[in-house]
Amino acid sequence: MPKKRGADIVIDVLLEENTEIVFGLPGGAIMEVYDALYKAPLKNILARHEQAAAHMADGYARATGKVGVVMATSGPGATNLVTGLATAYMDSVPMVAITGQVPTHYIGTDAFQEADVVGITRPITKHNFLVTDIKDLALILREAFYLARTGRPGPVLVDIPKDITQQEYNYKMPTEKDVIDALPGYKPHYEGNPVQIKKAAELIRKAKRPVLYVGGGAVISGASEEVRQLAELARIPVTTTNMAKGVFDETHPLALHMLGMHGTYYANMAVYHSDLLIAVGARFDDRVTGKIDEFAPEAKIIHIDIDPASISKNITVDVPIVGDVKIVLQKLLKELQKKPVEWVSARESWLKQIEKWKEKHPLSYKQSDKIIKPQYVIEEIYKVTKGEAIISAGVGQHQMWAAMFYKYKYPRQFLNSGGLGTMGYGFPAAVGAKFGRPDKTVFAIEGDGSFVMNMQDVITAVQYRLPIKIAIINNEFLGMVRQWQQFFYDSRYSSVCLAVHPDFVKLAEAMGAVGLRATKPDEVRSVIEKAMEINDRPVIMDFVVDREENVLPMVPAGKSYREMILSPKQKGEAETMYLVG
Amino acid sequence: MSENIAPLKVRPQPKTEVRKHIIVVRVQHNFGVLTRITSLFAGRGYNIESLTVGKTNEPNVARITIVVEGDERIIEQIIKQLRKLVETLRVRDITDVPHIERELVLIKVHAGEDKARDEIMRLVNIFRAKIVDVSPDTYTIEVTGGSEKINAFIDLLRPFGLKDIARTGTLALVRESAKVKEKLQE
Ligand SMILES: Cc1ncc(C[n+]2csc(CCOP(=O)(O)OP(=O)(O)O)c2C)c(N)n1
Ligand SMILES: [Mg+2]
């Protein structure tokens with residue numbers, strides 16, 4: 001084997017790991033690697049901001065299930081990745097970040113563009129490495145990919161000093177066995193304990209009011225088929241978190257849609273009244289549970305998760321099962337089939353009760369013929385795209401409406417920053433998704449506040465001729481914060497007014513995209529249809545919507561489902577909201 | 001509207017007792033591994049009472065002994081979070097396993113007058129401590145033992161006026177006899 005430059009070793013490992021695309025932006029400390037990328041047989045996407053590059057790698061990973069790769073230079077390049085890494089970490093997204101570092105002999109001297117990147121990113125990565133010897137480079141990079149995609153996935157960062165990318169070394173590509181041997185303490189548990197699985201089956205047989213509570217883990221392990229089989233076999237209604245949208249077809253009669261703070265009335269009622277909650281790859285986030293000691297107060301809990309640390313973290317469970325969701329559900333199904341029950345009659349009254357809840361308070365909003373309702377825009381996007389598009393959202397009211405009013409059929413169809421709640425995630429993630437799934441229509445449903453946090457990267461989408469549809473739900477507000485101020489701070493609208501915006505149509509044109517605008521309800525459909533016709537560049541649609549529409553229902557933070565707000569009697573009056581159980 | 005409100009029900013919360021735990025962690029002795037452990041504690045708001053690190057007889061394996069206070073739920077989380085670290089090889093809570101516990105402490109105490117010097121000498125003998133440095137008005141004492149003994153000794157010296165204390169933190173090893181018992185039970 002001939003000697004190879006460190007930078008070329010990096011490319012060799014990327015290719016060995018079947019990387020087809022890299023997002024990033026170069027600088028001094030990583031120039032060697034970019035030099036090697038210049039002639040490498042993989043797509044190298046130049047973003048306009050490293051944060052956007054990180055979200056692109058994230059969106060690519062979420063849409064495809066493959067590892068997303070992002071690169072940045074030392075110092076400011078690497079610190080710009082921080083939000084992207086934290087976002088991916090909270091939502092268990094497989095990613096590898098490669099950052100340049102100042103040369104080894106400069107480390108610790110406050111050298112130009114030096115930052116302790118391993119220190120900064122330690123709590124927001126699954127693991128990270130500083131390469132100190134070129135002999136370790138290939139092995140560390142392979143470890144990074146292995147860690148990113150196995151067990152509970154997550155972002156892994158490898159910090160490589162410039163001199164190491166320049167040195168030459170006679171290396172051999174480490175095998176998977178070498179990687180496993182180098183990580184003696186890392187042993188994800190996939191199989192699930194058979195005794196616990198039997199116990200779970202017994203509980204399901206005995207339950208009168210069971211609910212399946214499905215989270216992002218089911219997406220990651222590819223378990224939608226198993227979730228459907230379990231639901232249909234044992235006639236169990238299914239609620240999904242916003243990380244698991246589409247894992248269970250939302251048009252299915254057993255679908256309860258989302259639960260939690262902005263969950264549906266019927267999902268929250270079902271959970272509150274359940275006697276068995278089967279948590280599948282979900283982590284009892286506070287936005288889901290509200291007040292924890294009143295969450296599913298009468299339910300026994302089965303919790304299936306690959307991460308033991310997620311189990312009994314926020315809530316004590318009765319039957320913990322550590323393992324890969326897909327494998328465990330397959331075993332659970334086998335166990336249930338051994339001793340079948342008259343499921344249909346066993347569930348009859350429970351499912352009837354749920355039907356009543358669904359009829360009493362379906363998801364709804366008041367339509368208008370004068371002003372565009374944000375929910376209406378989402379419904380029209382749903383209709384025009386026939387429910388087949390990939391939707392990526394920012395954070396805020398529009399994110400919740402995108403989760404509620406588009407009905408998802410497939411896993412990996414709805415991308416959003418569920419855990420960290422990162423404004424600015426939506427559009428760049430859509431770019432990554434489009435690169436990963438060029439066959440799909442990709443919509444970024446953005447807030448006017450969220451979009452401007454990463455709008456510079458529309459230029460990237462123009463450069464690569466990506467026909468991404470950006471729908472701005474423009475309420476000229478940091479709407480979600482405004483809603484909280486209306487409900488809980490006596491309508492004191494502090495720092496939420498976004499009346500000063502660029503003209504988004506002209507902005508689109510200036511950046512080489514197409515700009516469209518709708519200000520009346522009857523323009524919405526034609527704007528979306530026009531946008532669908534464009535296939536060689538991004539389109540920005542500016543939907544000027546009702547400024548003070550609220551996301552409902554809502555369980556106020558830290559409150560119990562009993563205190564769910566279904567509608568405020570009058571606008572602007574916090575004390576007039578009423579509680580319905 | 002009140003008839004519409006679902007009846008209040010509360011999940012039964014497990015009762016747990018807050019107490020001191022000794023957790024032993026074996027890790028790959030890589031660059032930065034100690035920071036990973038300490039920043040895990042800091043980031044999640046767990047309070048470390050003491051933490052000691054040292055090499056072991058195995059190459060590239062370090063042993064960390066952590067003393068931490070918490071209820072069952074917190075301790076269980078701490079153990080799981082420690083296990084989750086990629087470089088962790090083994091984590092064990094040995095609080096309820098028979099074990100030997102030791103700490104080494106150096107204490108500098110005021111000892112100007114003859115009476116005080118005699119009294120301190122007596123305590124040193126009772127506690128099988130050692131005077132390792134003497135100046136006209138201080139003694140520096142070395143003592144080892146479990147935390148109860150050490151704390152009792154320090155309390156007795158306090159009236160003389162403590163000048164400085166250096167503690168290593170707790171070290172602990174499981175008793176071999178306990179291990180044999182465990183094997184039999186498995
Ligand atoms: C980076 C970041 N900063 C602040 C917040 C807090 N925050 C949550 S929602 C929101 C308002 C979002 O406004 P916009 O994107 O216009 O969405 P809208 O709620 O109006 O639909 C803010 C500021 C956040 N989630 N992320
Ligand atoms: Mg807004």
Say we look at region A:439-459 and pick out the residues that are within 16 Å of ligand 2 (Cβ to nearest atom) and in a loop (DSSP other than H, G, I, E, B); which of these is surrounded by the most Cβ atoms within 10 Å (Cβ to Cβ)? A:N454
I'd like the full set of residues that are in contact with a Gly (Cβ under 8 Å, 6 or more places away or on another chain) and of a type in the set (K, R), limited to region B:52-82. B:R63
Which helices (runs of 4 or more DSSP H) sit wholly inside region A:339-435 and have at least 1 residues that are within 16 Å of ligand 1 (Cβ to nearest atom)? A:374-384, A:397-405
Checked region B:29-45 for anything without any contact (Cβ under 8 Å) to a residue 12 or more places away in the chain and assigned to a helix (DSSP H, G or I); matches are B:T35, B:S39, B:A42, B:G43
Single match in A:A393, A:A389, A:A430 (criterion: of a type outside the set (D, E), closer than 18 Å to A:N475 by Cβ and touching a Phe, Trp or Tyr at 6+ places or on another chain (Cβ under 8 Å)): A:A393
Residues of region A:476-489 that turn out to be more than 7 Å from ligand 2 (Cβ to nearest atom) and assigned to a helix (DSSP H, G or I), as a count: 9
Qualifying position, being more than 12 Å from chain A (Cβ to nearest Cβ), under 30 Å from B:L157 (Cα atoms), of a type outside the set (A, V, I, L, M) and surrounded by fewer than 17 Cβ atoms within 10 Å (Cβ to Cβ), among B:K55, B:K20: B:K20
Of the residues in region A:105-149, how many are more than 11 Å from chain B (Cβ to nearest Cβ) and of a type in the set (S, T, N, Q)? 3
Evaluation of A:T422 against (1) more than 12 Å from ligand 2 (Cβ to nearest atom); (2) touching a Lys or Arg at 6+ places or on another chain (Cβ under 9 Å); (3) in contact (Cβ under 8 Å) with a residue 60 or more places away in the chain (one fails), failing number: (2)
Test A:F477 against the stated conditions and say whether it is in the same structural domain as A:V384 (by TED's automatic domain parsing), at pLDDT below 95 and surrounded by 15 or more Cβ atoms within 10 Å (Cβ to Cβ). no
Just to be sure, is B:R11 part of a helix (DSSP H, G or I), outside the structural domain of B:N151 (by TED's automatic domain parsing) and over 27 Å from B:V105 (Cα atoms)? no
Top-ranked residue in region B:23-52 [being loosely packed, with under 15 Cβ neighbours inside 10 Å and of a type in the set (A, V, I, L, M, F, W, C); ranked as farthest from B:D71 (Cα to Cα)]: B:F31
From (1) in a loop (DSSP other than H, G, I, E, B); (2) more than 26 Å from A:N80 (Cβ to Cβ), pick out the condition that doesn't hold for A:I473. (1)
Note: among A:K172, A:K187, just one is within 14 Å of chain B (Cβ to nearest Cβ) and surrounded by fewer than 20 Cβ atoms within 10 Å (Cβ to Cβ), namely A:K187
Checking the condition of a type in the set (K, R) and at pLDDT 95 or above, which residue from A:R547, A:R562 passes? A:R547
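From the list B:I66, B:I79, exactly one residue is of a type in the set (V, I, T) and part of a strand (DSSP E or B). Which is it?
B:I66
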Please go through (1) more than 19 Å from the chain's Cα centre (by Cα); (2) charged (D, E, K, R); (3) surrounded by fewer than 24 Cβ atoms within 10 Å (Cβ to Cβ) for A:R412 and return the number of the only condition it doesn't satisfy. (1)
On the basis of being closer than 28 Å to A:Y89 by Cα and assigned by TED's automatic domain parsing to the domain that holds A:K356, does A:K245 make the cut? yes
Checked region A:295-320 for anything away from chain B (no Cβ under 14 Å) and either in contact with a Lys or Arg (Cβ under 9 Å, 6 or more places away or on another chain) or in a helix (DSSP H, G or I) (or both); matches are A:I302, A:V319
Every residue from region A:248-277 that is away from chain B (no Cβ under 14 Å) and over 18 Å from A:F405 (Cβ atoms): A:P253, A:L254
Residues in region A:491-499: is at least one within 14 Å of ligand 1 (Cβ to nearest atom) and touching a residue at least 40 places away in the same chain (Cβ under 8 Å)? yes
Just checking, which of B:V86, B:V97, B:V109 is assigned to a loop (DSSP other than H, G, I, E, B), buried (at least 16 other Cβ atoms within 10 Å of the Cβ) and either more than 17 Å from the chain's Cα centre (by Cα) or within 13 Å of another protein chain (Cβ to nearest Cβ) (or both)? B:V86
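The values are calculated or read from the model by the stated rules, or taken from the named source; none is laboratory data. Keep in mind that this is a model prediction, so the values were computed, not measured. Every residue, glycine among them, receives a Cβ derived from its backbone with ideal geometry; neighbour counts consider all protein chains shown.
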